[in-house]
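Worksheet: the structure to be examined is printed underneath.
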Protein chains: 4
Amino acid sequence: MNAIKDSVHDWIPLDSVATDLLDTAAFQRLRHIKQLSTVRLVYPSASHTRFEHSLGVYHLARTALDSLGIDDDRAKAVRAAALLHDVGHGPYGHQTETVIKRHTGRDHDELGDLLYETELAGVLDAHDIDPDRVAALVRGERPLGQLVAGELDVDRMDYLVRDAHHTGVPYGTIDHGRLVRDLRLRDDQLVLAEGNVQTAESLLLARTLMDGTVYRHHVSRIAGAMLERACERLLDGDTDIETFARMADHDLLVALRKNVPDLGGRIERRDLYKRAVWAGLDTVPDALTDLSRADERQAAREIADRAGVDREHVIVDVPSRPKLKESRTRVVVGGVVQRLEQASDLVSALRATRRSQWRLGVYAPAADQSAVHTAAREVFGLP
Amino acid sequence: MNAIKDSVHDWIPLDSVATDLLDTAAFQRLRHIKQLSTVRLVYPSASHTRFEHSLGVYHLARTALDSLGIDDDRAKAVRAAALLHDVGHGPYGHQTETVIKRHTGRDHDELGDLLYETELAGVLDAHDIDPDRVAALVRGERPLGQLVAGELDVDRMDYLVRDAHHTGVPYGTIDHGRLVRDLRLRDDQLVLAEGNVQTAESLLLARTLMDGTVYRHHVSRIAGAMLERACERLLDGDTDIETFARMADHDLLVALRKNVPDLGGRIERRDLYKRAVWAGLDTVPDALTDLSRADERQAAREIADRAGVDREHVIVDVPSRPKLKESRTRVVVGGVVQRLEQASDLVSALRATRRSQWRLGVYAPAADQSAVHTAAREVFGLP
Amino acid sequence: MNAIKDSVHDWIPLDSVATDLLDTAAFQRLRHIKQLSTVRLVYPSASHTRFEHSLGVYHLARTALDSLGIDDDRAKAVRAAALLHDVGHGPYGHQTETVIKRHTGRDHDELGDLLYETELAGVLDAHDIDPDRVAALVRGERPLGQLVAGELDVDRMDYLVRDAHHTGVPYGTIDHGRLVRDLRLRDDQLVLAEGNVQTAESLLLARTLMDGTVYRHHVSRIAGAMLERACERLLDGDTDIETFARMADHDLLVALRKNVPDLGGRIERRDLYKRAVWAGLDTVPDALTDLSRADERQAAREIADRAGVDREHVIVDVPSRPKLKESRTRVVVGGVVQRLEQASDLVSALRATRRSQWRLGVYAPAADQSAVHTAAREVFGLP
Amino acid sequence: MNAIKDSVHDWIPLDSVATDLLDTAAFQRLRHIKQLSTVRLVYPSASHTRFEHSLGVYHLARTALDSLGIDDDRAKAVRAAALLHDVGHGPYGHQTETVIKRHTGRDHDELGDLLYETELAGVLDAHDIDPDRVAALVRGERPLGQLVAGELDVDRMDYLVRDAHHTGVPYGTIDHGRLVRDLRLRDDQLVLAEGNVQTAESLLLARTLMDGTVYRHHVSRIAGAMLERACERLLDGDTDIETFARMADHDLLVALRKNVPDLGGRIERRDLYKRAVWAGLDTVPDALTDLSRADERQAAREIADRAGVDREHVIVDVPSRPKLKESRTRVVVGGVVQRLEQASDLVSALRATRRSQWRLGVYAPAADQSAVHTAAREVFGLP
């Protein structure tokens, strides 16, 4: 059995399916897609990629499947799904999800066509694994799909510890060993065994603290919003959406610098827009929290016109309302399966914390910051 | 300047005061007092001592004082206080605090007499440091005493990361570098600079998760209660309280095995009592949460008599009601100093979590567990 | 399956044999024997014990046996041997080996009688494991005994990484994952698979660097020599050697302070003798490198008399000549099994390094240091 | 003072010079140049960049300068040099050094012109730092230049621990804290204080083990040789050498895929050539160890012709003879400054080890491997 050295999980042994999947161009492409896209403009060590993350998810899935006692025939498809769960990502991962969804209607976890358009389906077939089953597992379907995409998936366990290791921010360092060991299948539902309310809480807390400190750091959000805007402009030009969706980070960076030189150059040089508005949920009219991307663009144009600045100098960034998917985690308490939100006092507080972390942002070059600030407050009716 | 290698903070440089204090018998004694007393019966790697913890607290104090720009004349007394903050501990640290307090009226952070009874006052004098000032700082008095004992003290920062390192439980791994860097003195109050609500929350969360998983693990609590009971019996014999208070762990272990062989031997062999009752706050009558140690003993005797077992086979363990001292942490929000409980949605939830972690315990040897269970429920009126 | 959290290997799953062995007094005693005895007087964080080290060795043995594909019937005896390999140690581990050997003729790895005198043999029998077989494996006999005690044993792999973790000295941090994965059995010999000359070298290097920096640090050697001398004096009194051999660290510390108060108190307070002589192999007459303990004592008396100081104020400490057991490690090179010393240019250099690290020491209280220095050079004929 | 979070050194405080230098395009470019170029094809987590490495070198330089007591006026230029020491690198760092040197005659540590062609000289001037002095320091000139480029430079200290952290291979984890603390200036020479022969040896050992396991891993060497060949072909086309030298990794990857699609595509997909020849120093005629790049190309053509394969399908890769620059490290032994090679038995053995690690490689696509093997042995006269 082959093995690959990983800085987080040490040696990761590979079964023959994984060995063959690794050798495909579709999987190797993940070497060129950073796990945390624009976060490394804040935390420079965070240059890890979806390639090693995918290996980590594969590794934790294998360990969990062993611990659950799943026979190898079922397990091998789940392991393959764990390894492949991110191959559908566009360049810069989550940062281009909305753009791709808008142009193709496709989410990054819809692998159906992709498996058949690349060598991946062939490799799976050669190992007697049904590609459609793998695609379903990646969407979180079937009982064991919960291990790949669900409240207790190993994806989350890997990225929290890996992002902590690479950013240097310790909050993500959960006890993944315990989480994986204490998974159980009860009536086809993935649950945590008795005595783990706090283990489940620790997962939520880790996620919440990493959100505030890392994932939603304002510098990363500004760069991300600039990137998304640049991508839209790229796609307004000659670039085809399917070509775009299969780019890797380096392709996109070069394409942007060439075709959208103002924003592309700024991103490359970390010469970022500033916050003209940074407003919490309490001060923002309710209607604003449901803006579509088209609404955002429209608002940005209005603000720019009112401020008398170039329309490309205003970016409006309205995150979706905070969700707390992990609050649905199932834990066994006194022999009974409960949702974590029933079993834990912390969940509602964490909901409030997530709400308090939410910010509407309007960004502009430093020179325009003041004018855009005033205009944006008027357009949005902010206090 | 000397330096000592530490597994948590790497090299710790020592000033001349620290070098001299280290060479006293009173400080060397801390090598023989474990940081986590009975916790290592659950987490076997947790055999670290108050010696290296004290060095760690000294190190963080020095870093914080430098960052605050305190002149060396004031700073050297604070550094000495940080180094000496734990020399007043009895054997097994917090585990014998109540016993010592009951017999002497003295808390472990009252160093006044101790400094003068040992070489410590002489060493401090020789470096032009007033021992009384050091004693006051250890009690948390004076503005800079907050650094040694207060909501934002470096004691807490060191023990959380150190206990995480040694137990292997990651929850304590806070960002102490940021905490220390972002301390400020505002109107003689120690506060966290702007932008650190979440940093302050992380301290509370770390403490709460470590409490549930490590500090209040039931095995450690059982062993701790057995130890305390054994100490009382030791003190009922010939052992003088002042001799007792100056023992180190090994002295106590040997004294207990010799003078209280049943409990002493059990602790040494980790042959512990079991939980006959383990009841949360919701099921326990209010009056029970305020029991004095004398009340506990009286209840234990009643239970034993009713169960028809040896009176020494029942231990009642009622922790004090959970406090959340860290909720008073001062943070700057929008330029104004606030208490964390005002600034954070999490604090009240963590209070609830602490409440839900609270347990009344009644412990007995396995053979008596069932009889004691029944008797204790009757005596305490539990459902 | 139970599991124990370890700060080095994270969760260590325990089979039923291990679970039962853990509950014996003979194994629990290891909680009270520090892994590195007097080293913690130099590296204060190094307070870990043979208890967690034994768990670590058990864990690596299990992993290695799985990787070698050994069937469970053979494997369970080896795992038990790995867990028990250190139960024969006296207090302060290696530091009392010579004393015990001199009085009983017994090495610490001779478990035969001990297993039967304690509950251990009974537990092994109950799991259908022959205690004599376990004793043989601990002595390194039988092919799989090499895994417990041999050039490639997992004992070494655990202690190097564990001692590095606890001292903070990084040199011991080997790639134990690779070593364990690449073990092979060839003609009943334990070897490292092709491509691992450097892996084997790294083990030697780690050991050599840890030797110089940690294991043979002069402060630890002085304290160790004082301890051994104190033990001899203790045994000259009423203390029986078998009682002595079953003591734990705390028993010994208390017994020494009571019965050999000068040395016992000094060790406890870290008030150590100083180096009056510290001479390398090049300057020491050959005859001196083979001194028995009786010779050392005789020389110490001569030196004391000539210096006109108390005979108990001189300790002579002559380590045995450096060996390099690891140089016999078997590695596969080009399909052929070789000894590492054949395959590696480094081995002979490391032999020279070990020679250059060797020191003859003569220790005395600071006040006598100068007189002892002069006398010792005359007695030993040093330049 | 600003600070940046680093996964290796935790918080790195930045002085005002560093803050301003960071904001230049020339420095931001280092975010896009990986520290270990093709190594991540073997160790996938090794995707760290010269940006964070440069911050780490700056940080260690600052600590060393403080410890040496250098006044801030001298120190600030050295800190700037430490931060900028890698801005002269081409894309893929060391991998394109030879190509750039051949076309421009310039080494990567010659910053003279570059500083003036970019904003860097302006920033330095604004802080009263002479750019020419910085350039000299980066070349290792002047006493304190040894800290930036010399046997005891902090560059090496940072990359060893950083590469260990990111690859997961522990061998690079040196005690940089001790190295930095024990630096001294004696007669304008940087030396290690008394008692550090082994500390100096550990640096050599770490480097040697990392060389064998990481830096010269054959997969990385094959990819590197393919990359260099592809760059030569790129430069045979329209690409200007100065444009090339200022590319970042992503620019080069895109340019190669477009202009040298066979090799560029293979590198991107990790579809690498195989080893047709892999010969040690002992089996290679002496003359072969001094081949210039032109000689290598000529030999590759001869081999291809003889094997009857495409000339682009053969790459000859002859590393320069191993050097051991670190053997010249100065250490104080018995009060006298010595070179490490005088003071240490290990140095000559490590020279032999380096020699034994040396390999001449001839690489070809899998389909041509056998034919090329035969032809290459004939051309090179190998046994």
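Bear in mind that the values in this text are calculations on the coordinates, not laboratory data. These numbers were taken from a predicted model, which means no experiment stands behind them. Methodologically, a virtual Cβ is constructed for each residue, glycine included, from the backbone with ideal geometry; neighbour enumeration extends over all protein chains shown.
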Original post:
From the residues A:T98, A:Y43, A:Y116, which one has its Cα farthest along the dipole of region A:2-168 in the positive direction, the dipole being from +1 and -1 charges on Cβ of Lys/Arg and Asp/Glu about the Cα centre?
Top reply: A:Y43
**OP:** Select from A:L84, A:M247, A:V214 the residue farthest towards the positive end of the dipole of chain A; place +1 on Cβ of Lys and Arg, -1 on Cβ of Asp and Glu, and compute about the Cα centre.
**Re:** A:V214
Original post:
If you rank C:L185, D:L137 by fewest surrounding Cβ atoms within 10 Å, what's the result?
Top reply: C:L185, D:L137
Original post:
Taking a label point 7 Å from Cα toward Cβ, how far is A:K323 from its twins in the other copies, in nm, shortest first?
Top reply: 4.3, 5.8, 6.5
**OP:** Work out from phi, with θ = phi - 60° and the Karplus expression 6.51 cos²θ - 1.76 cosθ + 1.60, the ³J(HN,Hα) of each residue of region D:361-375, listed in order in whole Hz, and give x for Gly and Pro.
**Re:** x, 10, 10, 7, x, 3, 5, 9, 4, 5, 4, 5, 3, 4, 4
Original post:
Across region A:179-195, in residue order, what do the Karplus-derived ³J(HN,Hα) couplings come to in whole Hz, using 6.51 cos²θ - 1.76 cosθ + 1.60 with θ = phi - 60° and x for Gly and Pro?
Top reply: 4, 5, 5, 9, 5, 9, 9, 10, 6, 6, 10, 7, 9, 9, 5, 2, x
**OP:** Could you tell me what fraction of 2.2 N^0.38 Å the Cα radius of gyration of region D:2-214 comes to, as a two-decimal ratio?
**Re:** 0.98
Subject >> GNM top mover of B:L288, B:L183, B:L111 - chain B, alpha-carbon springs below 10 Å >> reply: B:L288
Original post:
How far is C:G308 from the same spot in each other copy, in nm, shortest first, if each label point sits 7 Å from Cα toward Cβ?
Top reply: 8.0, 9.7, 10.0
**OP:** Consider a paramagnetic label point 7 Å from the Cα of B:H103 along Cα→Cβ; state which residues of region B:248-268 have an amide N under 16 Å from it.
**Re:** B:248-261, B:264
Subject >> Where rotation carries D onto A, the chain D residue whose Cβ is nearest that axis, in whole Å >> reply: D:H250, 2
Original post:
For peptide B:345-352, how many partner chain Cβ atoms fall within 10 Å of a residue's Cβ, on average?
Top reply: 5
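In debye to the nearest 20, how big a dipole does region C:2-168 give about its Cα centre with +1 on each Lys and Arg Cβ and -1 on each Asp and Glu Cβ?
Values: 18 positive and 28 negative charges, 149 e Å.
So the magnitude is around 720 debye.
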Original post:
Taking chain D as a Gaussian network, where each spring joins two C-alpha atoms under 10 Å apart, which residue of D:A343, D:A304, D:A287 fluctuates the most?
Top reply: D:A287
**OP:** Could you list which residues have their amide H under 5 Å from that of B:T49, counting only those 5 or more apart in sequence or on another chain, with H placed in the peptide plane?
**Re:** B:Q35
Subject >> Test item: Cα-centred dipole of the protein assembly as shown, Lys/Arg +1 and Asp/Glu -1 on Cβ, debye >> reply: 0
**OP:** Apply the Karplus parameterisation 6.51 cos²θ - 1.76 cosθ + 1.60, with θ equal to phi minus 60°, to every residue of region D:110-116 and state each ³J(HN,Hα) to the nearest whole Hz, in sequence, with x for glycine and proline.
**Re:** 9, 9, x, 5, 4, 4, 7
Subject >> Residue with peak Gaussian network fluctuation, chain A [Cα springs, cutoff 10 Å], from A:K101, A:K34, A:K76 >> reply: A:K101
Subject >> Reachable lysines from D:K34, criterion Cα separation under 30 angstrom, eight or more residues apart if same chain >> reply: A:K5, A:K34, A:K258, A:K274, D:K5, D:K76, D:K101, D:K258, D:K274, D:K323, D:K325
Original post:
How high is the FRET efficiency from B:E194 to A:K325, r the C-beta distance, R0 30 Å, rounded to 0.05?
Top reply: 0.45
Original post:
With each label point set 7 Å from Cα along the Cα-Cβ vector, what nm distance links B:E141 and D:D130?
Top reply: 5.8
Original post:
Rounded to the nearest 0.05, what FRET efficiency do C:K258 and B:R301 have when you use their Cβ-Cβ distance and R0 = 35 Å?
Top reply: 0.45
Original post:
Which distance in Å, rounded to a whole number, links the C-alpha centroids of region C:97-163 and region D:324-353?
Top reply: 41
Original post:
At a Förster distance of 35 Å, what's the computed FRET efficiency of B:D71 paired with B:D23, Cβ-Cβ distance as r, to 0.05?
Top reply: 0.85
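Cut-off is 10 Å between beta-carbons; in what order do B:V314, C:V219, B:V336, B:V254 appear when sorted fewest neighbours first? Present the calculation step by step, with values, prior to reporting the outcome.
On the way: B:V314 30, C:V219 15, B:V336 10, B:V254 21.
Ascending Cβ contact count within 10 Å gives the list B:V336, C:V219, B:V254, B:V314.
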Original post:
Where nothing but the Cβ of Lys and Arg (+1) and of Asp and Glu (-1) is charged, how large is the charge dipole of chain A around its Cα centre, in debye to the nearest 20?
Top reply: 1340
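Neighbouring Cβ atoms within 10 Å as the yardstick, rank C:K258, C:K274 fewest first. Write down the numbers at each step before the final one.
Working: C:K258 11, C:K274 18.
Ordered from fewest to most neighbouring Cβ atoms within 10 Å, C:K258, C:K274 come out as C:K258, C:K274.
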